[in-house]
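The values are calculated or read from the model by the stated rules, or taken from the named source; none is laboratory data. Remember, it's a predicted structure, so these values are computed and weren't measured experimentally. As a convention, Cβ positions derive from the backbone with ideal geometry for all residues, glycine included, and neighbour counts pool all protein chains shown. These accessible areas exclude ligands, DNA and RNA; they are computed on the full protein's heavy atoms, side chains included. Shrake-Rupley method; radii C 1.70, N 1.55, O 1.52, S 1.80 Å.
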Amino acid sequence: MIDITIQNFEAEVLQASMQQPVLLDIWAPWCGPCRTLGPMLEKLEAEYGGRFVLAKLNSDEQPEIAGQLSAMFGVRSIPFCVMFRDGQPVDGFVGALPQAQIKQFLDKHVPAEAQLEADAAAGEAGRLADAGDTQAALERLQQAIAIDPANDAARLDYVKLLLQAGRLADARLAYEPVASKAPTDVRIAALGHWIEACEAAASARPVEQLQAAIAANKRDFDARFELAQTHFAAQRWTEAMDELLEIIMRDKGWRDQLARKTYVSILELMNKPAPAAGPESGAKGALEIAGKAQAPAGDPVVDQYRRKLSMALF
């Protein structure tokens, strides 16, 4: 539990919530229900074992913060609790609720123990993969999925690493539990297209034969797509997109926009994860309750191929 002031609000609430949820308890010494709620929240913070941080703000001493949050949520009384995640206020409740209701509120926003354990294993796997120890990374990701089968992020990292290692059958097997989510999740869709490309490449015609077919007929889209999938399977990203772009420029709707969908999937796979937002430099004229997302520097190749696709489509 930490006491919040205007001086430490950004660091201890906004920035801290980028790492784990922060529950801000707005109270006052004269408030009777606050004296009931406060000890209950401290007990829950200990019970949840560090899965969220409890921060307390005296509304009499810090009226600017309390006032802005109250106005944001349309609240006029205390105790008032606000949950922060990823640098933003996302939910809240008013009054000294029973412990069971507070736990229901927390469980909507606080990660389960299994998720935290799985995330830690996945983080270690990422460091192992960066160090070149692919097998150890795969073992840690497999462990993460076993701990938390619903952890899609760990599963997708596992599928991607399996594909990079050339273990197509294992990648397909690991991908199947999330395949149905592809229409609404771009990363799942991207890995699905990669798997399909690898499967198609296994029986594709030789590159020279495909290039000859294209030279003889620029509109031989089947040959172009087959060549694009061969490049895609081999992680020759730009070569694959070049062939797909030729299809898109000549026939945007070919095979239900398959060329465009595959092109977008390659861009997604090339994307680097956005870094966590850090504290901004420079003086502020007024308190900012919500954090500002920092736009990551773009990959020049990805940016170039995004522009190419935009020009071809529009």
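What residue, of GLN68, GLN101, GLN115, is open to solvent by 40 Å² or more (accessible area, probe 1.4 Å), modelled with pLDDT of 95 or more and not in a loop (DSSP other than H, G, I, E, B)? Explain how you work it out, then say what you get.
On the way: GLN68 fails: modelled with pLDDT of 95 or more; GLN115 fails: modelled with pLDDT of 95 or more.
Going through GLN68, GLN101, GLN115 in turn, the sole match is GLN101.
Across segment 203-230, what is the number of residues that are of a type outside the set (S, T, N, Q), without any contact (Cβ under 8 Å) to a residue 24 or more places away in the chain and part of a loop (DSSP other than H, G, I, E, B)?
3
Taking only pairs six or more apart or across chains, which ones have beta-carbon atoms under 9 Å, a first residue in segment 257-268 that is closer than 12 Å to ALA240 by Cα and open to solvent by less than 10 Å² (accessible area, probe 1.4 Å), and a second residue that is in a helix (DSSP H, G or I) and of a type in the set (Asp, Glu)?
Partner pairs satisfying both residue conditions: ALA259/GLU243; ALA259/GLU246; THR262/GLU196.
Name the residue, out of PHE80, PHE73, PHE84, that is under 30 Å from the mean Cα position of the chain (by Cα), over 30 Å from ALA114 (Cβ atoms), surrounded by 18 or more Cβ atoms within 10 Å (Cβ to Cβ) and not acidic (Asp, Glu). Give the derivation first.
Numbers: PHE73 fails: surrounded by 18 or more Cβ atoms within 10 Å (Cβ to Cβ); PHE84 fails: over 30 Å from ALA114 (Cβ atoms).
Exactly one of PHE80, PHE73, PHE84 is under 30 Å from the mean Cα position of the chain (by Cα), over 30 Å from ALA114 (Cβ atoms), surrounded by 18 or more Cβ atoms within 10 Å (Cβ to Cβ) and not acidic (Asp, Glu), namely PHE80.
For the condition over 19 Å from the mean Cα position of the chain (by Cα) and charged (D, E, K, R), what is the one hit in ASP157, ASP119, ASP152, ASP133?
Details: ASP157 fails: over 19 Å from the mean Cα position of the chain (by Cα); ASP119 fails: over 19 Å from the mean Cα position of the chain (by Cα); ASP152 fails: over 19 Å from the mean Cα position of the chain (by Cα).
The conditions single out ASP133.
Of (1) open to solvent by 50 Å² or more (accessible area, probe 1.4 Å); (2) β-branched (Val, Ile, Thr); (3) closer than 17 Å to ALA240 by Cβ, VAL207 satisfies all except one. Which?
Tallying (1) open to solvent by 50 Å² or more (accessible area, probe 1.4 Å); (2) β-branched (Val, Ile, Thr); (3) closer than 17 Å to ALA240 by Cβ, VAL207 fails exactly one: (1).
Scan segment 48-61 and give yes if some residue there is free of Cβ contacts under 8 Å to residues at least 12 places away in the same chain and either buried (at least 18 other Cβ atoms within 10 Å of the Cβ) or not charged (D, E, K, R) (or both), otherwise no. Steps first, please.
Filtering segment 48-61 for residues free of Cβ contacts under 8 Å to residues at least 12 places away in the same chain gives none.
Checked against the condition, which is being free of Cβ contacts under 8 Å to residues at least 12 places away in the same chain and either buried (at least 18 other Cβ atoms within 10 Å of the Cβ) or not charged (D, E, K, R) (or both), segment 48-61 yields no hits at all.
I'm trying to understand the selection: among the residues of segment 18-65, which are over 25 Å from ALA114 (Cβ atoms) and assigned to a loop (DSSP other than H, G, I, E, B)?
ALA28, PRO29, TRP30, CYS31, SER59, ASP60, GLU61, GLN62
In segment 123-144, what count of residues is obtained for those that are open to solvent by 20 Å² or more (accessible area, probe 1.4 Å) and either of a type in the set (A, V, I, L, M) or not in a helix (DSSP H, G or I) (or both)? Show your work before the answer.
Filtering segment 123-144 down to residues open to solvent by 20 Å² or more (accessible area, probe 1.4 Å) leaves 123-124, 126-136, 139-140, 142-143.
Of the ones still in play, those that are also either of a type in the set (A, V, I, L, M) or not in a helix (DSSP H, G or I) (or both) are 128-129, 131-133, 136.
Count: 6.
Only one of PRO296, PRO273 is open to solvent by 40 Å² or more (accessible area, probe 1.4 Å), over 18 Å from ALA190 (Cα atoms) and at pLDDT 50 or above; which? Steps first, please.
On the way: PRO273 fails: over 18 Å from ALA190 (Cα atoms).
Answer to the selection: PRO296.
For segment 166-180, state whether one or more residues are at pLDDT 95 or above, in contact with a Leu (Cβ under 9 Å, 6 or more places away or on another chain) and not in a helix (DSSP H, G or I).
Yes, segment 166-180 has at least one match.
Could you go through segment 175-193 and let me know if any residue there is among the acidic types (Asp, Glu) and surrounded by 16 or more Cβ atoms within 10 Å (Cβ to Cβ). First the steps, then the outcome.
Of the residues in segment 175-193, the ones among the acidic types (Asp, Glu) are 176, 185.
Remaining after also requiring surrounded by 16 or more Cβ atoms within 10 Å (Cβ to Cβ): none.
No, segment 175-193 has no match at all.
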